[in-house]
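Peer 1: Provided herewith is a single structure, encoded as structure tokens, for subsequent inquiry.
Read-outs throughout are calculated quantities, based only on the coordinates presented, and are distinct from any laboratory measurement. Computed from a predicted model, the values in this text were never measured in an experiment. Using ideal geometry, Cβ is built from the backbone for each residue, glycine included, and neighbour counts are taken over all protein chains shown.
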Amino acid sequence: MQAMASAPSSLYFLHNTFASSSSQQLCLPPKFGTLRPRTLPLIEAKAHTRREDYTARHTRIRKKVEGTPERPRLCVFRSNKHLYVQVIDDTKMHTLASASTIQKPISEEINYTSGPTIEVAKKVGEAIAKNCLEKGINKVVFDRGGYLYHGRVQALADAAREHGLEF
């Protein structure tokens with residue numbers, strides 16, 4: 001009992017009610033961490049921006065789509081003001097044909113202020129099909145460039161198909 005009396009203050013004594021009246025038991029404080037339940041790391045979902053989604057789609061598509069001399073790649077880029085299309089041979093890194101809303105024949109036909117519409121995309125698709133057929137290109141691989149196949153991109157592709165390009 002002498003050792004228990006000189007025990008540091010961090011130790012606790014517990015009175016045992018079921019044993020003899022003079023018996024005491026030495027009880028150590030609980031370990032740190034056993035007082036609360038174990039917590040798992042919190043993983044939060046991160047919302048992607050539209051640009052991040054576009055970049056992910058673009059890289060995923062570019063891994064799969066490659067233009068060859070026999071079947072070049074029809075690449076689409078759209079900005080807020082204009083719509084651009086190129087036919088590219090990826091083996092030689094050459095642009096074989098192109099069309100955009102900046103080029104004179106198309107820009108003179110259309111007058112728009114808020115950016116390209118579906119009708120404008122159809123005219124660009126028609127122009128790229130004519131350019132390709134003049135240069136002897138009949139078959140292409142369509143590269144939507146990370147954009148969803150919807151709206152202006154779909155209208156451009158449909159117009160190019162209607163005017164003789166195969167993809």
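Peer 1: Taking square-rooted eigenvalues a ≥ b ≥ c of the alpha carbon gyration tensor, is the range 48-103 rounded, prolate or oblate, where a/c under 1.5 means rounded and, failing that, a/b exceeding b/c means prolate?
Peer 2: Taking the square roots of the gyration eigenvalues as a ≥ b ≥ c, the range 48-103 is oblate.
Peer 1: Excluding same-chain residues fewer than 8 positions from Lys123, which lysines have a Cα within less than 30 Å of its Cα?
Peer 2: Excluding near neighbours in sequence, the set is Lys63, Lys64, Lys81, Lys92, Lys104, Lys135, Lys139.
Peer 1: May I pose another question? Can you say what percent of the DSSP beta bridges in the range 50-162, counting only those with both residues inside, are antiparallel? Round to 5.
Peer 2: Among the beta bridges of the range 50-162, antiparallel pairing accounts for roughly 80 percent.
Peer 1: Taking 8 Å as the Cα distance limit and 6 or more residues as the minimum spacing, I'd like the relative contact order of the range 68-167 as a percentage.
Peer 2: About 30 percent, as a whole number.
Peer 1: Describe numerically, in nm with one decimal, the distance between label points set 7 Å from Cα along Cα→Cβ at Tyr54 and at Glu166.
Peer 2: 3.4
Peer 1: If each residue of separation counts as 0.36 nm, what is the full-extension length gain between Ile118 and Arg71 once their alpha-carbon separation is subtracted?
Peer 2: Roughly 14.3 nm would be gained on extension.
Peer 1: May I pose another question? Each label point is 7 Å from the Cα along the Cα-to-Cβ direction; what then is the distance between the points at Thr95 and Gln154, in nm?
Peer 2: Using points 7 Å along Cα→Cβ, the separation is 2.8 nm.
Peer 1: Now, a different point. Give, in whole angstrom and from largest to smallest, the semi-axes √(5λ) of the equivalent ellipsoid of the range 50-162, with λ running over the eigenvalues of the Cα gyration tensor.
Peer 2: Three semi-axes, in Å: 21, 19, 11.
Peer 1: May I ask you to list the residues of the range 131-161 whose amide nitrogen lies under 11 Å from a point 7 Å from Cα along the Cα→beta-carbon direction of Ile110?
Peer 2: Counting only backbone N, you get 152-153, 155-156.
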